[in-house]
Amino acid sequence: MQRRYWVIGGDYSDCAFGQLEPGTEKISGPFLCEVKARTEWQRLTFRDNSGATTRYTIAAEPDAIWQ
């Protein structure tokens with residue numbers, strides 16, 4: 001089974017990045033290639049000069065332990 005990647009994030013309530021502001025959550029994916037996920041991360045991170053409290057990250061699903 002191929003690993004899948006997701007880009008997740010949004011606008012946080014402050015610069016400590018502890019809690020997302022409700023309604024700003026974004027999830028993109030799944031991507032079957034880490035390069036495509038990184039391209040989406042760059043698009044979301046650098047679009048419209050994102051504010052100081054906006055953050056996205058790439059999450060990878062764990063490898064399946066069953067087949």
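The values are calculated or read from the model by the stated rules, or taken from the named source; none is laboratory data. Bear in mind the structure is a predicted one, so any value in this text is a computation, not a measurement. Here Cβ is always computed from backbone atoms with ideal geometry, including for glycine, and neighbour counts include all displayed protein chains.
In the range 13-38, the residues that are within 27 Å of residue 3 (Cα to Cα) reach residues that are in a loop (DSSP other than H, G, I, E, B) and charged (D, E, K, R) with C-beta atoms within less than 7 angstrom, at least six apart or across chains, in these pairs: 29/4; 30/4; 31/4; 32/4. Within the range 29-61, if we keep just the residues that are part of a strand (DSSP E or B), out of contact with any Lys or Arg (no Cβ under 9 Å at 6 or more places or on another chain) and at pLDDT 95 or above, the residue that is nearest to residue 9 (Cα to Cα) turns out to be 57.
Mind checking which residues of the range 39-61 are in contact (Cβ under 8 Å) with a residue 12 or more places away in the chain and among the hydrophobic types (A, V, I, L, M, F, W, C)? Listed by number, the residues that qualify are 41, 44, 52, 58, 59, 60.
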